[in-house]
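**Student:** Dropping a structure here in structure tokens format, bear with me for questions.
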Amino acid sequence: MSQPPMQATSQAKGVWPIETTRYDRSAELTALEQEALNHLLAEWGDKQRYTVPKALAHQLLRLLQPLDDIQDALGVQRRSCSSVWSAVCRRMQEHKTAYWAWSEHEWSALLTSLFLRYPRGYANAKANRQPRYQLLAIAYCLGPQTDFLLPFFKEISPLAFAHLLFGEELLDTAITRIAEVLLTWGYQAQTQGAQVLLRTTLVEVFLANHSAHLEHVTLALLNSLQEKLTPQSKRAVLERISKALAQLGIIEAPLRSSQEGRTLLPEQRNSAGVDPEWVQWCLQWYCFSDLTPKIKWKYVGKLFQTGRWLKQQHPEITSPGQWTAKLAAEYVAAVEQMRVGDFGIPKYCAKLRDMEGTPLRASTKDQQLAVMRAFFRDMQEAPHDVPRRFDPVRAFGTPRTIRNQLGPNPRDLDPLLWAKLVHAALNLTEADLPQTKHGALHYPLALVRAVAVVWVYSGLRSDEILRLRLGCIRWQREDITVPETGEVLPKEATCFLTVPTNKTTATFQKPVNPVVGDRINEWEQVRASGQPARGDRKTGSKTEYLFAHRGRSLGKEYLNKTLIPLLCQRAGIPRADERGAITSHRARATLATLLYNAPEGLSLFELMQWLGHKDPGSTQHYARVKATRLAAAYSKAERNSRLVEALVDTKADVTGKVNIYYVLGEHGLCGNPDWASCLYRMACIKCPFFVPKDQARLIEASRTVKRFMEVVELTEEELAAVQDDYHKLEAAVERTQQVATPTVLRRRAKGATGRGIPLTVLNTPAGSGIEQHLA
């Protein structure tokens, strides 16, 4: 059969199939072609070897020429593919159409029949001599350019088929380029099994793309393959290949990792038992709310729970515009009586087990009402514009009975358990780390040690730990003197950790233990360079994450599901205590409590800055005042302080001055408003401010006098005197004999002990309503 000259071979170009546009691709067979096809098949019969007579070859040139060209491109002798030609010709005779018109189903049926006739390994091990490879190549070139051949790649070796189409040299070059990029990210020289998996996955990409050039791969192609490749291990390798292609600049971005978490869509929430109109309002709120997707996803679940309550109690209410203040009050009362599992979906209730039917916690009730406040507050604004029939903040306010049950409850760990965890974090070895089935570590020891030390010393949220940037440690390189205290901070005794933007503050620096800086520096020295920067999920900016290995950062659940259980096992402690499971956030509460209760610990405001809070009220939920510290402070205060009764005449005199008198037991009163800090308060009888007992009774009987209690700190001598120590009292009086009688108000000298907390002297115009102010 004469053949037109072919263009450059497919292997040289690295692109397959052959150029089909130069053929006559008419779908219908002519009468002459049908007659010639019948004569050809009749002559072949059941022969093992087939030849095409010249007369019939000329009549069937349009149909046999593409087959002949594919055979030449594969380097296959004609006699080796005669059975394949026979199968194709017989199928054309049956359908009375050319193979150009065959559908995916018709091609698949032909391939299935031939695969059954010629099992794996038939005739010869060489792929170009096996009928199944030859027919698969014909279907690959002449059949629909879709992925209908993917199931048949399980019956053959995709690598051998790709070698047959593209050639070994071109494939090896492409695979080497990918492997070189992966090696720079921390991948070690791969085992034979890992190499085969990488080559097989990349070959399937080339086969799907009909090209063995990396530059021809597109992100759309990879996305389509990610959903179809099996097993799961191939999908992980495909993600790895996409990152390498993005690093090479071939595609604009890598595939989204399957471990980055699924996209939370409100439509995926189970809305069973909720009126469709209420569902639509909830979805509309979701689209316009500026809350984070995770928070909105939870809020939609709560709103659907409210929708089920409406469906049962008020089925006529289907939109936010129908709510009234009365209905809101009824809902608040219902929330107070709710129990676990009420208005939930069956799938959720099945997981509750023994908890179903128990009263909801106060925090859960408060959250349910907070969701309603946020929902209706947004509904009354643009673009929803629901009529303002009530104030959501007041209508859905948390009742006092619930608020009284709420308050700071830091979930700090017992100091002994925490000490064991810190020791475990500082002494991790390779033997403690989980390994793959091939005996390799999932993550380098230096990385795990750095993450563990950051967790136990820095007090960061888990998201902040995972998003730390490369170069986040700054060392103090010289001695610094603190102006306020004169204390000298030696160089390299303190390091500062740059905390990334978080949910409460922008980027800031905080001092941490030097061991944190040491472990991070150890990891940075062995961390593979050249790993791709990724968009920060908070700011969107390109970020080189500190804790990144093999081109990907640690997973969101690494701390809670891998590292912390590992540390608990290493420390020999349970993974939960009386307050619940040991999670990443409990380290934050534990460190805050330890720093607050230290002998010279941080103040509440300093602790707020260290934790990255905007409000001291938030810090109170993390720092617990230890009972021992509270007892010591109380003992000291009780030992050195006394409550002294003070009388305040709320009726100001003509000058606008309010008179204050301190009760001196049965002896009388002191008219010195600064008595709490007076230098002569142990010699009151000789003082001109002393009010005798008779006059004091008249003052106490006045209706305008209000009684207050003031805390006054006493010196050791004064304390002994008031404890009825006669000799101490005489000594105190004797010391004041040489002191001149006071004529003006004089405070104690600066630095003297025993200063009290005097009441504020109010000088106001007469009749200004001071009585109401003091009351």
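The values are calculated or read from the model by the stated rules, or taken from the named source; none is laboratory data. Note that this is a predicted model, so its numbers are computed, not measured. Cβ: placed from backbone, ideal geometry, glycine included. Neighbour counts: every protein chain shown. Calculation scope for accessible area: heavy atoms of the full protein, side chains included, ligands and nucleic acids excluded. Shrake-Rupley method; radii C 1.70, N 1.55, O 1.52, S 1.80 Å.
**Student:** Applying the selection to region 521-571, what residues are closer than 20 Å to S462 by Cβ, in a loop (DSSP other than H, G, I, E, B) and open to solvent by less than 20 Å² (accessible area, probe 1.4 Å)?
**Tutor:** Within region 521-571, D536, L546, F547, L554 meet the criteria.
**Student:** To continue, here is another question. Of (1) open to solvent by 60 Å² or more (accessible area, probe 1.4 Å); (2) over 30 Å from the mean Cα position of the chain (by Cα); (3) closer than 17 Å to Y299 by Cα, P392 satisfies all except one. Which?
**Tutor:** For P392, the exception is condition (1).
**Student:** Go through (1) touching a helix residue (DSSP H, G or I) at 6+ places or on another chain (Cβ under 6 Å); (2) surrounded by fewer than 17 Cβ atoms within 10 Å (Cβ to Cβ); (3) assigned to a loop (DSSP other than H, G, I, E, B) and name the single condition V274 misses.
**Tutor:** (2)
**Student:** Taking the condition of being assigned to a helix (DSSP H, G or I), buried (at least 16 other Cβ atoms within 10 Å of the Cβ) and out of contact with any Leu (no Cβ under 8 Å at 6 or more places or on another chain), how many residues in region 285-295 meet it?
**Tutor:** Here is the first cut: in region 285-295, the ones assigned to a helix (DSSP H, G or I) are 285-288, 293-295.
Okay, now just the ones that are also buried (at least 16 other Cβ atoms within 10 Å of the Cβ), so 285-286.
Still in the running and out of contact with any Leu (no Cβ under 8 Å at 6 or more places or on another chain): 286.
Matching residues across region 285-295 total 1.
**Student:** Taking T436 as the residue in question, decide whether it is within 22 Å of Y187 (Cα to Cα), surrounded by fewer than 19 Cβ atoms within 10 Å (Cβ to Cβ) and at pLDDT below 90. Even if it seems obvious, please write down each step before you answer.
**Tutor:** Numbers: within 22 Å of Y187 (Cα to Cα): yes; surrounded by fewer than 19 Cβ atoms within 10 Å (Cβ to Cβ): yes; at pLDDT below 90: yes.
Yes.
**Student:** Here is a follow-up. Name, by its number, the condition in (1) in contact (Cβ under 8 Å) with a residue 24 or more places away in the chain; (2) outside any loop (DSSP other than H, G, I, E, B); (3) open to solvent by 60 Å² or more (accessible area, probe 1.4 Å); (4) within 23 Å of G580 (Cα to Cα) that does not hold for A424.
**Tutor:** So the condition that A424 fails would be (3).
**Student:** Would you point out which residue out of L245, L238, L221, L225 is under 25 Å from the mean Cα position of the chain (by Cα) and either part of a helix (DSSP H, G or I) or modelled with pLDDT of 85 or more (or both)? Walk me through how you get there before you give the answer.
**Tutor:** Numbers: L245 fails: under 25 Å from the mean Cα position of the chain (by Cα); L221 fails: under 25 Å from the mean Cα position of the chain (by Cα); L225 fails: under 25 Å from the mean Cα position of the chain (by Cα).
Answer to the selection: L238.
**Student:** Now, a different point. Answer with yes or no whether Q77 is modelled with pLDDT under 80, closer than 14 Å to S157 by Cα and of a type in the set (S, T, N, Q). Walk me through it before giving the result.
**Tutor:** Numbers: modelled with pLDDT under 80: yes; closer than 14 Å to S157 by Cα: no; of a type in the set (S, T, N, Q): yes.
Here the answer is no, as Q77 does not meet what is asked.
**Student:** If I go through region 1-49 residue by residue, how many of them are within 60 Å of the chain's Cα centre (by Cα), modelled with pLDDT of 60 or more, more than 22 Å from H95 (Cα to Cα) and assigned to a loop (DSSP other than H, G, I, E, B)?
**Tutor:** The qualifying residues number 4.
**Student:** Taking the condition of being open to solvent by less than 70 Å² (accessible area, probe 1.4 Å) and assigned to a loop (DSSP other than H, G, I, E, B), how many residues in region 439-449 meet it?
**Tutor:** As a first pass, look at region 439-449 and keep what is open to solvent by less than 70 Å² (accessible area, probe 1.4 Å): 439-441, 443-449.
Among the residues that remain, those that are also assigned to a loop (DSSP other than H, G, I, E, B) are: 439-440, 443-444.
Within region 439-449, residues that are open to solvent by less than 70 Å² (accessible area, probe 1.4 Å) and assigned to a loop (DSSP other than H, G, I, E, B) number 4.
This table checks each residue for (1) of a type outside the set (K, R); (2) in contact (Cβ under 8 Å) with a residue 60 or more places away in the chain; (3) farther than 30 Å from P131 by Cβ; (4) surrounded by 18 or more Cβ atoms within 10 Å (Cβ to Cβ).
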position	(1), (2), (3), (4)
F166	yes, yes, no, yes
E169	yes, no, no, no
T184	yes, yes, yes, no
F206	yes, no, no, yes
H213	yes, yes, no, no
A236	yes, no, yes, no
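**Student:** What number of residues within region 577-600 satisfy the criterion of being assigned to a loop (DSSP other than H, G, I, E, B) and either surrounded by 14 or more Cβ atoms within 10 Å (Cβ to Cβ) or among the acidic types (D, E) (or both)? Give the derivation first.
**Tutor:** From region 577-600, those assigned to a loop (DSSP other than H, G, I, E, B) are 578-579, 582-583, 598-600; that's our starting set.
With the extra rule that they be either surrounded by 14 or more Cβ atoms within 10 Å (Cβ to Cβ) or among the acidic types (D, E) (or both), the set shrinks to 578-579, 582-583, 600.
Total meeting the criteria: 5.
**Student:** A further question on this structure: Run down A333, A328, A382 and say which single residue is more than 23 Å from I402 (Cα to Cα) and either part of a loop (DSSP other than H, G, I, E, B) or among the small types (G, A, S) (or both).
**Tutor:** Working: A333 fails: more than 23 Å from I402 (Cα to Cα); A328 fails: more than 23 Å from I402 (Cα to Cα).
Testing whether each residue is more than 23 Å from I402 (Cα to Cα) and either part of a loop (DSSP other than H, G, I, E, B) or among the small types (G, A, S) (or both) leaves just A382.
**Student:** In region 310-325, what residues are open to solvent by 10 Å² or more (accessible area, probe 1.4 Å), among the hydrophobic types (A, V, I, L, M, F, W, C) and part of a helix (DSSP H, G or I)? Before you say what the answer is, go through the steps one by one.
**Tutor:** From region 310-325, those open to solvent by 10 Å² or more (accessible area, probe 1.4 Å) are 311-319, 321-322, 324-325; that's our starting set.
Checking the rest, the ones that are also among the hydrophobic types (A, V, I, L, M, F, W, C) come to 317, 325.
Within region 310-325, just A325 meets the criteria.
**Student:** Pick from region 396-416 the residues that are among the basic types (K, R) and surrounded by 12 or more Cβ atoms within 10 Å (Cβ to Cβ): which of them is farthest from I573 (Cα to Cα)?
**Tutor:** Filtering region 396-416 for residues that are among the basic types (K, R) and surrounded by 12 or more Cβ atoms within 10 Å (Cβ to Cβ), the one farthest from I573 (Cα to Cα) comes out as R403.
**Student:** Could you list all residues from region 601-624 that are open to solvent by less than 60 Å² (accessible area, probe 1.4 Å) and either assigned to a helix (DSSP H, G or I) or within 15 Å of T505 (Cα to Cα) (or both)?
**Tutor:** L604, L607, M608, W610, L611, G612, H613, P616, G617, S618, T619, listed by residue number.
**Student:** So, P574, is that one modelled with pLDDT under 85, open to solvent by 50 Å² or more (accessible area, probe 1.4 Å) and assigned to a loop (DSSP other than H, G, I, E, B) or not? Working first, answer last.
**Tutor:** Numbers: modelled with pLDDT under 85: no; open to solvent by 50 Å² or more (accessible area, probe 1.4 Å): yes; assigned to a loop (DSSP other than H, G, I, E, B): yes.
Spelling it out, it is not the case that P574 is modelled with pLDDT under 85, open to solvent by 50 Å² or more (accessible area, probe 1.4 Å) and assigned to a loop (DSSP other than H, G, I, E, B).
**Student:** A further question on this structure: Of the residues Q71, Q59, which is modelled with pLDDT of 85 or more and open to solvent by less than 70 Å² (accessible area, probe 1.4 Å)?
**Tutor:** On the way: Q71 fails: modelled with pLDDT of 85 or more.
Testing whether each residue is modelled with pLDDT of 85 or more and open to solvent by less than 70 Å² (accessible area, probe 1.4 Å) leaves just Q59.
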